[in-house]
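Please treat every number below as a calculation from the coordinates, not as lab data. Everything numeric here is computed off the predicted structure, so don't read it as measured data. Positions of Cβ are generated from backbone atoms using ideal geometry, with glycine treated the same way; all protein chains shown enter the neighbour counts.
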Amino acid sequence: MPRVPEAVRPPVDLPPWADLGEWARLRAYVAVTDRCWIYTGALADDGYGRFWAPTAAAAEGRSENVRPSRWVWQAHNGPIPAGSVIRHDCDVTLCVRPACLRLGDQTDNLGDALRRDRVTHPGRVGKADRRGAATAARELRTAVLAATGRGVFDPAELGAVLAGVRTDGDPFADHGRLF
Ligand SMILES: [Zn+2]
């Protein structure tokens, strides 16, 4: 996995509950925009990131990998209560910005999905990303890595890249984009 330039990574400060080595590796895959912080490492089939973090994984009773959003939440807040989920206020599954993450339970998570109309029903497409979560996440990662590879380090410009990729997946957007 390519790493992002130091210039776009989150502040180096070690979160209070973080393992130093895991934090150093995670930072290398995170691009800060003026809205979300985008994880650009390995992706799972569900559109969430996958981060190799044995220390944090052990705390969750898992063997090696955790979702980066869960890693970041526990790094700032301590162990995640059993059965809890980490919700994204921003609805960007690859986001690891602490301010976008919130503790909830499965009921909350389903409520979030229904409110945003991500849950599709027979005969209705709904407002879910029309590319599907995994493809949308891959396209976002590709776009962010391409931008940082071109030397785009400004958080506002990277935020515009994020907004552009999100618009591409909006089933109600005008698909004839001008750029
Ligand atoms: Zn976010």
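Amide H to amide H, which residues 5 or more places from ASP105 or on other chains are under 5 Å from it, using H placed in the peptide plane?
Here the answer is VAL85, since their amide H atoms fall under 5 Å of that of ASP105.
Nearest 20 debye, what's the magnitude of the dipole of the chain about its Cα centre given +1 on Lys and Arg Cβ and -1 on Asp and Glu Cβ? Kindly include the intermediate steps, with their values, before the conclusion.
On the way: 24 positive and 22 negative charges, 53 e Å.
Using Cβ point charges on Lys, Arg, Asp and Glu, the chain gives about 260 debye.
Among PHE172, PHE153, PHE51, rank each residue by its count of other Cβ atoms within 10 Å, from fewest to most, as a rough exposure measure.
Ordered by Cβ neighbours within 10 Å, fewest first: PHE172, PHE153, PHE51.
Quick check on packing: order 89-100, 72-83 by the mean number of other C-beta atoms within 10 Å, highest mean leading.
Values: 89-100: 20.1, 72-83: 15.3.
Top of the packing list down: 89-100, 72-83.
Could you give the size of the charge dipole of the stretch 1-106 about its Cα centre, using +1 on the Cβ of each K and R and -1 on the Cβ of each D and E, expressed in debye and rounded to the nearest 20? Could the numbers behind the result be given before it?
Details: 12 positive and 12 negative charges, 25 e Å.
The calculation lands at about 120 debye.
Return ARG3, ARG70 ranked ascending by Cβ neighbour count within 10 Å, so the fewest neighbours appear first. Mind dumping the intermediate values first?
Numbers: ARG3 15, ARG70 23.
The most exposed by this proxy come first: ARG3, ARG70.
Select from the stretch 1-72 those GluC sites (Glu not before Pro) which occupy a DSSP coil region and have at most 15 other Cβ atoms within 10 Å, ordered by residue number.
Details: sites: GLU6, GLU22, GLU60, GLU64; in loops: GLU60, GLU64.
Sparse-neighbourhood loop GluC sites (Glu not before Pro): GLU64.
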